[in-house]
Amino acid sequence: LIWASQQPQVRVLAYPDRPFNFSWVNNWGAGQATGDVLCLLNDDTEVITPDWLEKLVARISLDGVGAVGPMMYYPDDTIQHAGVVLGLDGIAGHVFRGAPRGSTGYAGRACLEQDLSCVTAGCMAVRKEAYLGIGGMDESFAVAFNDVDFCIRLRAAGWRIIWTPVVELYHH
């Protein structure tokens, strides 16, 4: 946080003390943002790919793309997130969760950039126009499934969602 606050292009904001609601925090932040691209990023992530943000922005800049998510690993180098598929684990689940880092997955899907139903808001680049256009995150989903609901509504509004393995993060 100290490093970020010393960057001239970065503005660090503190939200009011209130019960935690992930959807509210992101909606509040989106309302404060002045750029065209939002990056939702959990505070317990660790970037692996040096030019991660540039790579996410390159993909969000493609025509029709509303959101982009990266490959995320647990600290033990197993996959936590390689995209979300609706219906997996009952409601929605992370594909290839628990597979070792470097796994190619079924038919090579764990190493191929692709359109998916959803990506996790643990790290998600979003076109601000798309975010605001669907009304942001539903605040009734305070902790879980807010990203799933958000992505379902984003796709219903005609936006594409891309998951990419070329950007990697740890999620602690």
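At 1.4 Å probe size, with no ligands or nucleic acids counted, give the accessible surface of C39 in Å², nearest ten.
50
Rounded to the nearest whole Å², what accessible area per residue is found for segment 15-172 with the 1.4 Å probe?
Dividing the accessible area of segment 15-172 by its residue count gives 47 Å².
Pull up all non-local amide H partners of T120: gap of 5 or more, or a different chain, and H-to-H distance under 5 Å with H placed in the peptide plane.
G83
Size of the dipole of the chain about the Cα centre, Lys and Arg at +1 and Asp and Glu at -1 on the beta carbon, nothing else charged, in debye to 20?
Roughly 300 debye, rounded to the nearest 20.
Points 7 angstrom from Cα along the Cβ direction at D77 and I91: gap in nanometres?
It works out to 3.3 nm between the two label points.
Please list, in chain and number order, the residues 5+ apart from V65 or on another chain whose amide H is under 5 Å from its amide H, with Hs placed from the backbone.
R160
Quick one: if the Förster radius is 25 Å, what FRET efficiency do S5 and D36 give, using the C-beta to C-beta distance and rounding to 0.05?
The computed FRET efficiency comes out at 0.65.
Just to check I understand the Karplus step: with θ = phi - 60° and J = 6.51 cos²θ - 1.76 cosθ + 1.60, what whole-Hz values come out for segment 142-158, glycine and proline as x?
My calculation for segment 142-158 gives 6, 10, 10, 6, 5, 6, 5, 4, 4, 5, 4, 5, 5, 5, 5, 7, x Hz in order.
Quick check: convex hull of the Cα atoms in the chain, volume per residue, rounded to a whole Å³?
Looking at the chain, the number lands at 126 Å³ per residue.
Whenever you get a sec, compute what percent of the accessible area on segment 1-52 sits on carbon and sulfur atoms (1.4 Å probe).
So the carbon and sulfur contribution to the accessible surface is 54 percent.
Using a 10 angstrom cutoff on alpha carbons, build the Gaussian network for the chain and name the most mobile of G69, G35, G98.
Answer for the Gaussian network model of the chain: G35.
Residue by residue through segment 22-30, what is 3J(HN,Hα) from phi via Karplus (6.51 cos²θ - 1.76 cosθ + 1.60, θ = phi - 60°)? Round to whole Hz and write x for glycine and proline.
For segment 22-30, the Karplus curve yields 4, 5, 4, 4, 5, 5, 4, x, 4 Hz.
The values are calculated or read from the model by the stated rules, or taken from the named source; none is laboratory data. Quick caveat, the model's predicted, so the values are computed rather than measured. A quick note on method: Cβ atoms are made from the backbone with ideal geometry, for glycine too, and the neighbour counts reach across all protein chains shown. Side chains are part of the model used for accessible areas, which takes the heavy atoms of the whole protein and leaves out ligands, DNA and RNA. Shrake-Rupley method; radii C 1.70, N 1.55, O 1.52, S 1.80 Å.
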